[in-house]
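The structure appears right after this line, and notes come after that.
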Amino acid sequence: MTAKTAYDAIVLAGGAAKRLGGADKPAVSVGGRALLDRVLGVCRDAGRTVVVGGRRPTARPVVWAREEPPGGGPLAALDAGVRQCDAPSVLVLSADLPFLGRTTVRRLISALDESDREAALLTDADGRDQPLVAAYRTEPLRRELALLATEHGTLSGLPLRLLAQELDLARVRTDPLASFDCDTWEDVSAARARIREHGYVLDEWITAVKDELGVELDVDTRVLLDLARDAAHGVARPAAPLTTFLVGYAAARAGGGPEAVAEAARKAVALATRWAEETEQAAGPPPGAAGTGPAASGTERGAGASHDPRKNGEAEAG
């Protein structure tokens, strides 16, 4: 992120979760990670991340805020969150978005940079605005919240659509799943099944491991997968995980970063290629090498007979 795109993030993690039977929705696990932690992961470029809701352990450092009164609804929560922000833009997200990705976040922030609009909202596949998957300019957001509070006497219980109606909006379309939220247990089950589908499971697993280990590095997983394949096929199957571990260790010693990973992987791939070539050569001498041809194959008696006279005699006697 550049200075131009500096932003804070507000994650709304309150609410009664009535359709989940009152469960602690932000703590519900999808893909081995709490829903809240999944959302915190996609806004890790934020200068400050404010979570509005009850305190709980989180995978990343956050600032905590609480709406007044507790349970006062999204506008009251948003007002509590923006009071903790000082960046020129704020990213606003609900805490139950299992498929939200960093690409969508970047597009929302970029939409503000590239226009004079006061907010950029995600629109879903049906064209509906998603004000809790959005980026806002901080001062217009504060202005409208203050005006709504003055007009209605309170922000508690007011619908979120009142805010969107008063702002000059840009609309962003991106991944149709980005706005999928987990309001019911059926939604949770669908999300858990979806991330285990073939096209998602590997990226989901890598992201979960990185979050669990506190690894911030973005790498091209295809490079590592190609390396693992080459090591498994050209050397031995157990070589794949050991080689990728060593590549990671070498990259860390070289200072880390995507370039260090790519360079270590390049060297290991080249080694695996040489190893595989030698393995193929060991299966038989290369064409044209000395000792090949019909004579070497033993089809001519003179070439194939032993030089040991006793063995030759035994063969002739037999």
Legend entry - Packing-based order for 248-261, 20-33, using average beta carbon neighbours within 10 Å, highest first: 20-33, 248-261
Inset, instruction - Provide, in order from the shortest bin, the percent of all Cα-Cα pairs of the range 217-282 in each 5 Å bin, continuing until the bin that contains the maximum pair distance. - result: 4, 21, 29, 23, 13, 7, 3, 1
Inset, instruction - For Val30, enumerate residues with amide H under 5 Å from its amide H, sequence gap 5+ or separate chain, H modeled in the peptide plane. - result: Leu35
Legend entry - Average silhouette area of the range 78-228, convex hull of alpha-carbon atoms, in square nanometres: 11.3 nm²
Inset, instruction - Run the quick spin-label model on Asp183 and Thr273: label points 7 Å from Cα toward the beta carbon, then report their separation in nm to one decimal. - result: 5.3 nm
Legend entry - Label point distance in nm, Arg60-Glu216, each placed 7 Å from Cα along Cα→Cβ: 1.0 nm
Inset, instruction - Output the peptides 121-133, 149-161 sorted from most to least packed, where packing is the average of other Cβ atoms within 10 Å over each peptide's residues. - result: 121-133, 149-161
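Bear in mind that the values in this text are calculations on the coordinates, not laboratory data. Treat the numbers as computed from the prediction; the structure is a model and nothing was measured. For neighbour counting, all protein chains shown are included, and Cβ atoms are generated from backbone atoms with ideal geometry for every residue, glycine included.
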